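The values are calculated or read from the model by the stated rules, or taken from the named source; none is laboratory data. Note that the coordinates shown come from a computational prediction; the quantities given were computed from them, not determined experimentally. Cβ placement follows ideal geometry from the backbone for every residue including glycine, while neighbour counts extend to all protein chains displayed. The area values use the complete protein model at the heavy-atom level, side chains included, leaving out ligands, DNA and RNA. Shrake-Rupley method; radii C 1.70, N 1.55, O 1.52, S 1.80 Å.
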Amino acid sequence: MRIKHLVGTALGTTLLLVTAAPAVSAAPGAAAGTASAPTGLDRAELRATLDAIREAGMYGTYSSVRDGRQRWTGASGLADVDTGREVTPNMRHRVGSISKTFTSVAIMQQVERGRIALDAPVTDYVPDLFDASDADRERGDAITVRMLLNHTSHIGDYVLGAFPSLAQNSTTSLDEGRFRSIAPGELVRLGLAADATGRPGAQPGSYSNTNYVIAGLILEKVTGQKASTYITRHVIDRAGLRDTSYPRTAHIKGPHAKMYESFYGIIDPPRDYSVYDMSWAYTAGAIVSTTDDLNRFYRTLLTGGLVSRASLAEMQRTVPVEVAPGAAIDYGLGIYTLDLPGCGRFWGHDGGVFGAGTISLTREDGKRQLSMGWNLMKYQRLNADGTALEPSPIDEAINGHLAEALCPTPGTGEEPGAGSTAGSGAALKSGIAAADAGRILPDGLLGADLSTGSRPVALNR
């Protein structure tokens, strides 16, 4: 199969799964407002749309949805396709690039303490990473901490360097690296050796995991602690997350599903990668969590429980960041925004690692939330000439559950009179059904699962 072009695009932004707003029209002024947003949870419809993902071909998925004090959590499908073991709600799951929000919060806490300045050059903190040559030093002097966090540094990504067989349309590197430990400094070296994607500070930015590895090393330098130790104590514990951690071994502690990677049919049948040394993802994507914990984390963040209001405002200052040629998202500092017409503005992140995808979105008032995970990645198939991905019914089903969770159709479990605007859930769902380009989630070519969606669309354009 001819997939080199697709793989090259995919590897440009790993650990992220692109989200994009559906192409539907809102009533004037309703795009980001929450006053008329639908309220309430239709548990039967949430259950039905989650089951639809399994029926479309996904192995297993789990979801937690919240609206104010109402909560729903569910699971559907298999955790182990060989034994028939079923998934259960709140299984532990590798969450990929959602880890970046945790790292950004830790950096902002140090900004508040005066130990880090967002607009200071990174060489003020980690000069040794840029001392290979005068050109490297000049490059480091031009890149600020802010540029790392909003992906405008234009440092290349390290993932293809860490898994080189992928450039030859082979997944051999994935298996060879299963128990490999790779130092963060080596990840940075690979990223700096990759082609730069532009000049520091230029917009649109270019998504790169290397940025968040450097951010983790800066955190270690200013705190004198391992980044994972600091983030555990001051972010995870502070948010009250009981089932969230950095893995200490290749194994996930506690109940979890197997995590299957297909790589567009190259791995057939899909192979389990739930046992994997995650040092290759470091502070860019190594965290394990649950859907309930992710909802708690983003709710705590957006309501002022982890950083000051001033720091949160900095995190929510977005710039366009390119995630594939011609496609950009509005990205802040470790968090991005998604406007759903008539249902409000949502903030969050998503991510993927080998065999596991996750998304977590929270309305800006902290009241409406969805976090969900699934355990089969790059399930899409290539077209006949190997240049694009065929549409997958799994994508359509995931979109349906996201729409029901975040922007439900009026008259299905909501309070009377809620969500009556033209841009609410009904229009959202019809837009998903009618427009192939108008997906909440594109087809998936990106992600630390090494792919991001073959047809991502820009947010808020």
Where Lys and Arg each count +1 and Asp and Glu each count -1, what net charge lies around THR337 among other residues with Cβ under 9 Å from its Cβ?
-2
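What percent does the relative contact order of the range 107-170 come to when contacts are Cα pairs within less than 8 Å and at least six residues apart? Before the final figure, lay out each step's value.
Numbers: 41 pairs, mean separation 16.0, N = 64.
Computed over the range 107-170, the figure is 25 percent.
Give me the net charge of HIS256's neighbourhood, meaning all other residues with Cβ under 9 Å from the Cβ of HIS256; Lys, Arg count +1, Asp, Glu -1. Kindly include the intermediate steps, with their values, before the conclusion.
Numbers: positive: ARG92, ARG94, LYS253, LYS258; negative: none.
It works out to a net charge of +4.
Using only the Cα atoms, work out Rg/Rh for the range 55-168, with Rh taken as the Kirkwood radius, to two decimals.
Values: Rg = 21.2 Å, Rh = 18.5 Å.
Rounded to two decimals, Rg over Rh is 1.15.
Using a probe of 1.4 angstrom, how much of the accessible area of the range 260-390 is carbon and sulfur, in percent?
Working: 1450 of 3140 Å².
Carbon and sulfur together cover 46 percent of it.
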Measure off, as a whole percent, the carbon and sulfur share of the 1.4 Å-probe accessible area of the range 178-231, all protein chains present.
51
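Could you give me D for the range 222-313, from Stokes-Einstein at 20 °C and 1.002 mPa s, where the hydrodynamic radius is the Kirkwood radius over C-alpha pairs? Units µm² s⁻¹, please. The partial results should precede the final answer.
Numbers: Rh = 15.2 Å.
The Stokes-Einstein estimate is 141 µm²/s.
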Heavy atoms of GLU112 accessible to a 1.4 Å probe, total area in Å² rounded to 10
90
If I take all pairs of Cα atoms in the range 263-352, what percentage of them are more than 16 Å from each other?
69
Computed Rg/Rh of the range 133-190, alpha carbon atoms with Kirkwood Rh:
1.08
Please report, for the Cα atoms of the range 283-322, the Rg to one decimal and the Dmax as a whole number; what are they, in angstrom?
12.4, 30
Cα-based Rg then Dmax for the range 331-372, in Å, read 11.1, 35
What percentages, rounded to whole numbers, describe P(r) for the range 105-159 computed over all alpha carbon pairs with 5 Å bin width beginning at zero?
4, 20, 26, 25, 16, 7, 2
Report the net charge of residues surrounding THR197, where surrounding means a beta-carbon distance below 13 angstrom and charges are Lys +1, Arg +1, Asp -1, Glu -1.
-1
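Mind ranking 70-81, 97-108 by how tightly packed they are, going by the mean number of other C-beta atoms within 10 angstrom, highest first?
Working: 70-81: 19.2, 97-108: 28.5.
Ranked by mean Cβ neighbours within 10 Å, highest first: 97-108, 70-81.
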Hey, which of these cross-link pairs are over 30 Å Cα-Cα: LYS226/LYS367; LYS221/LYS367; LYS226/LYS253?
LYS226/LYS367; LYS221/LYS367
Would you work out the Kirkwood radius for the range 346-401? I mean one over the mean of 1/r across all pairs of different Cα atoms, in Å.
13.1
Over the range 100-141, what is the relative contact order in whole percent, taking alpha-carbon pairs under 8 Å and six or more residues apart?
27
³J(HN,Hα) across the range 338-343 via Karplus (A = 6.51, B = -1.76, C = 1.60, θ = phi - 60°), whole Hz, x for Gly/Pro?
9, 9, 10, x, x, 10
